[in-house]
Amino acid sequence: MAEANWYVVHTYSGYENKVKANIEKTIENRHLEEQILEVRVPMQDVVEMKNGARKQVQKKMFPGYVLINMVMNDDTWYVVRNTRGVTGFVGPGSKPVPLTEEEMRPLGIQSENFVVDFVEGDTVIVTGGAWLDTVGVIQSMNHGKQTVIINVDLFGRETPVEISFSEVKKM
């Protein structure tokens, strides 16, 4: 399998979250989870003064742009390029250019690889985030996104939850 890289997609201004949602829906419908790994709208915390009060809000780092971690091939290019609200990939002509490690570092995107000591079927405990101290059984693993899906008991029902490798440990 080819290696996934981060690409920048230009969108209509204000449509970034809509484009992200549309691409994620298409990934799910066409079963491209192994080829299009992640879609991001980079945000940053900014302090604003409104009516004399300081307020911390999140703003888009790059209005009009969406970052996509994907394996570039004809199918993935077509899916992203023909998503409503996308005007094109960033790069010369119609050839998308992946971001370099140096360009990704300030965005807070790490390409570190986790070595995990668990597999599907193992029981794990969540060590961080909203599901802290939750115990669950791994249903599936996505090494590209570095996440696991575990079933947790939510309102008396088994519910699948996606959690980062860094937030789970084997029991």
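The values are calculated or read from the model by the stated rules, or taken from the named source; none is laboratory data. Fair warning: this is a prediction, and the values are worked out from it, not measured in the lab. Glycine gets a Cβ as well: all are built from the backbone with ideal geometry, and neighbour counts include every protein chain shown. To get the accessible areas, we keep the full protein, side chains included, count just its heavy atoms, and leave off ligands, DNA and RNA. Shrake-Rupley method; radii C 1.70, N 1.55, O 1.52, S 1.80 Å.
Here are the numbers for the structure shown:
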{"item": "Which listed residue, of 79, 71, is within 19 Å of the chain's Cα centre (by Cα), closer than 25 Å to residue 163 by Cβ and β-branched (Val, Ile, Thr)", "result": "71"}
{"item": "Long-range neighbours under 6 Å by Cβ, at least six apart or interchain, first residue under 11 Å from residue 171 (Cα atoms) and at pLDDT below 85 within region 122-142, second hydrophobic (A, V, I, L, M, F, W, C) and not in a strand (DSSP E or B)", "result": "none"}
{"item": "Hits in region 55-94 (condition: in contact (Cβ under 8 Å) with a residue 12 or more places away in the chain and charged (D, E, K, R))", "result": "59, 60, 75, 84"}
{"item": "Residue within region 153-166 that is assigned to a loop (DSSP other than H, G, I, E, B) and on the phi > 0 side of the Ramachandran plot present", "result": "yes"}
{"item": "Set 152, 126: member being surrounded by 13 or more Cβ atoms within 10 Å (Cβ to Cβ) and over 26 Å from residue 69 (Cα atoms)", "result": "152"}
{"item": "Candidate set from region 29-74 (those that are of a type in the set (Gly, Ala, Ser) and at pLDDT below 90); member that is farthest from residue 19 (Cα to Cα)", "result": "52"}
{"item": "Subset of region 1-28 that is under 12 Å from residue 66 (Cβ atoms) and of a type in the set (Ser, Thr, Tyr) - its residue that is modelled with the lowest pLDDT", "result": "13"}
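Conditions tested, residue by residue: (1) within 18 Å of residue 5 (Cβ to Cβ); (2) open to solvent by less than 80 Å² (accessible area, probe 1.4 Å); (3) among the basic types (Lys, Arg); (4) not in a strand (DSSP E or B).
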{"position": "45", "(1), (2), (3), (4)": "no, no, no, no"}
{"position": "55", "(1), (2), (3), (4)": "no, no, yes, no"}
{"position": "58", "(1), (2), (3), (4)": "no, no, no, no"}
{"position": "78", "(1), (2), (3), (4)": "yes, no, no, yes"}
{"position": "83", "(1), (2), (3), (4)": "no, yes, no, yes"}
{"position": "88", "(1), (2), (3), (4)": "yes, yes, no, no"}
